[in-house]
Amino acid sequence: MLVPDIIIAVDGYSSTGKSSFAKLLAKEFSFLYLDSGALYRGVTLFAQENGFISADNSIDVPGLEKGMESLDLHFSNVDGKNVLFCGERNVEKEIRSMKVSSQVSPIAAVAEVRVFVDRKLREAGASKRVVMDGRDIGTTVFPNAEIKLFMTASAEVRARRRFDELQAKGENPQMEEVMKNLQERDYIDSHRAVSPLVQAPDAFVLDNSDMTFAEELAWVRGVIQGKFGILE
Ligand code: DC
């Protein structure tokens, strides 16, 4: 299918399979895949390592803002994958840890952090032919994205996915803790003052609780064909 030069925004709750699905779309249409959550995770790691966030989630916002002035977070291609670097350091593994997951939502609620990340995302998406996943891509970062998808799935299905993902990475997750983290993040992400997680009015909703990737892909092809009048 020949897809025009567009931006595909994939928003939704955590562990709905957004990133796997967005990667699949990028591969299918030969688009660039960009994971906006990775940048929030990168800022969280930076805040943790530099003492800008404490165990009780209190954040030294002025310190963090100053620190971000010289924070070099960028994506680089490693073996065909877009991987997050902090300067010369590949931080892909650390940013996916439970430690970072447990503090990323309060960091992502800081307005100054969102300004920092939004600027990087807009630069990265300027060339179009991009699939970007996150929470506010279709509402705030690229409100004019041609295709907006909003992904959701039941809390049980999502917790199981996150659990399996952590286990596959060699962590030792507890299901109760994973579920609690997921619910807390849902709450913070949907209730923060700046750019909360909301469905864009023009987004297509995909509940993939009981769908395979092949079914999801077929669905999105239908959405794109319908929108652009492509006959295949
Ligand atoms: O998709 P993820 O789990 O890697 O995202 C990590 C956190 O970053 C998530 O709790 C919410 C935040 N986030 C956000 O606020 N806005 C985005 N566009 C992407 C992620």
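The values are calculated or read from the model by the stated rules, or taken from the named source; none is laboratory data. Since this is a predicted model, take the numbers as computed values, not measurements. FYI the Cβ positions are ideal-geometry reconstructions off the backbone, even for glycines, and counts take in every protein chain you see.
Name the residue, out of 25, 84, 2, 34, that is farther than 21 Å from residue 188 by Cβ, of a type in the set (A, V, I, L, M, F, W, C) and assigned to a loop (DSSP other than H, G, I, E, B). Before you say what the answer is, go through the steps one by one.
Values: 25 fails: assigned to a loop (DSSP other than H, G, I, E, B); 84 fails: assigned to a loop (DSSP other than H, G, I, E, B); 34 fails: assigned to a loop (DSSP other than H, G, I, E, B).
None of the other options fit; the residue is 2.
Taking the condition within 12 Å of the ligand (Cβ to nearest atom) and at pLDDT below 95, does residue 120 pass? Before you say what the answer is, go through the steps one by one.
Numbers: within 12 Å of the ligand (Cβ to nearest atom): yes; at pLDDT below 95: yes.
Judged against the criteria, residue 120 is a match.
Which of the residues belonging to the range 20-34 are at negative phi and either surrounded by fewer than 22 Cβ atoms within 10 Å (Cβ to Cβ) or more than 11 Å from the ligand (Cβ to nearest atom) (or both)? Walk me through how you get there before you give the answer.
Going residue by residue through the range 20-34, those that are at negative phi are 20-29, 31-34.
Hits for the range 20-34 are 20, 21, 23, 24, 25, 26, 27, 28, 29, 31, 32, 33.
Scan the range 178-194 for residues that are assigned to a helix (DSSP H, G or I) and in contact (Cβ under 8 Å) with a residue 12 or more places away in the chain and jot them down. Outline the logic, then answer.
Taking the range 178-194 and keeping what is assigned to a helix (DSSP H, G or I), we get 178-191.
If the condition is that a residue be assigned to a helix (DSSP H, G or I) and in contact (Cβ under 8 Å) with a residue 12 or more places away in the chain, then 178, 179, 181, 182, 183, 184, 185, 186, 188, 189 are the ones that fit.
Quick test for you: out of 142, 52, pick the one residue that is without any contact (Cβ under 8 Å) to a residue 24 or more places away in the chain and crowded, with 18+ Cβ neighbours inside 10 Å. Let's see the steps before the verdict.
Details: 142 fails: without any contact (Cβ under 8 Å) to a residue 24 or more places away in the chain.
Just one listed residue meets the conditions, 52.
Yes or no: residue 184 away from the ligand (no atom under 11 Å from the Cβ) and not small (Gly, Ala, Ser)?
On the way: away from the ligand (no atom under 11 Å from the Cβ): no; not small (Gly, Ala, Ser): yes.
It is false that residue 184 is away from the ligand (no atom under 11 Å from the Cβ) and not small (Gly, Ala, Ser).
Against the condition closer than 16 Å to residue 197 by Cβ, charged (D, E, K, R) and modelled with pLDDT under 95, how does residue 135 come out, does it pass?
Yes: the conditions hold for residue 135.
Looking at the range 164-175, which of its residues are modelled with pLDDT under 95 and either outside any loop (DSSP other than H, G, I, E, B) or within 20 Å of the chain's Cα centre (by Cα) (or both)?
Of everything in the range 164-175, those that are modelled with pLDDT under 95 and either outside any loop (DSSP other than H, G, I, E, B) or within 20 Å of the chain's Cα centre (by Cα) (or both) turn out to be 164, 165, 166, 167, 168, 169.
Of the numbered conditions (1) more than 30 Å from residue 174 (Cβ to Cβ); (2) part of a strand (DSSP E or B), residue 133 fails exactly one; give the number of that condition.
Checking residue 133 against (1) more than 30 Å from residue 174 (Cβ to Cβ); (2) part of a strand (DSSP E or B), the one that fails is (1).
From the list 194, 178, which one is surrounded by fewer than 20 Cβ atoms within 10 Å (Cβ to Cβ), in contact with a Lys or Arg (Cβ under 9 Å, 6 or more places away or on another chain), among the hydrophobic types (A, V, I, L, M, F, W, C) and closer than 23 Å to residue 107 by Cβ? Outline the logic, then answer.
On the way: 178 fails: surrounded by fewer than 20 Cβ atoms within 10 Å (Cβ to Cβ).
Going through 194, 178 in turn, just one is surrounded by fewer than 20 Cβ atoms within 10 Å (Cβ to Cβ), in contact with a Lys or Arg (Cβ under 9 Å, 6 or more places away or on another chain), among the hydrophobic types (A, V, I, L, M, F, W, C) and closer than 23 Å to residue 107 by Cβ: 194.
Looking only at the range 62-85, filter to residues that are among the hydrophobic types (A, V, I, L, M, F, W, C), in contact with a Phe, Trp or Tyr (Cβ under 8 Å, 6 or more places away or on another chain) and in contact (Cβ under 8 Å) with a residue 12 or more places away in the chain; which one of those is farthest from residue 103 (Cα to Cα)?
So in the range 62-85, the residues among the hydrophobic types (A, V, I, L, M, F, W, C) come out as 64, 68, 71, 73, 75, 78, 83-85.
When the remaining residues are screened for being in contact with a Phe, Trp or Tyr (Cβ under 8 Å, 6 or more places away or on another chain), the result is 64, 68, 71, 73, 75, 83-85.
If we keep only those that are in contact (Cβ under 8 Å) with a residue 12 or more places away in the chain as well, we get 64, 68, 71, 73, 75, 84-85.
Working: 64: 14, 68: 17, 71: 18, 73: 18, 75: 21, 84: 18, 85: 19 Å.
Among those that are among the hydrophobic types (A, V, I, L, M, F, W, C), in contact with a Phe, Trp or Tyr (Cβ under 8 Å, 6 or more places away or on another chain) and in contact (Cβ under 8 Å) with a residue 12 or more places away in the chain, it is 75.
Within the range 136-147, take every residue that is under 21 Å from residue 219 (Cα atoms) and within 13 Å of the ligand (Cβ to nearest atom) and give me the one that is nearest to the chain's Cα centre (by Cα).
First, the residues of the range 136-147 that are under 21 Å from residue 219 (Cα atoms): 137-138, 145-147.
Among the residues that remain, those that are also within 13 Å of the ligand (Cβ to nearest atom) are: 137-138, 145.
Numbers: 137: 9, 138: 12, 145: 16 Å.
Among residues in the range 136-147 that are under 21 Å from residue 219 (Cα atoms) and within 13 Å of the ligand (Cβ to nearest atom), the one nearest to the chain's Cα centre (by Cα) is 137.
Could you list all residues from the range 1-19 that are under 24 Å from residue 123 (Cβ atoms), more than 9 Å from the ligand (Cβ to nearest atom) and surrounded by fewer than 23 Cβ atoms within 10 Å (Cβ to Cβ)?
Hits for the range 1-19 are 3, 4, 5, 6.
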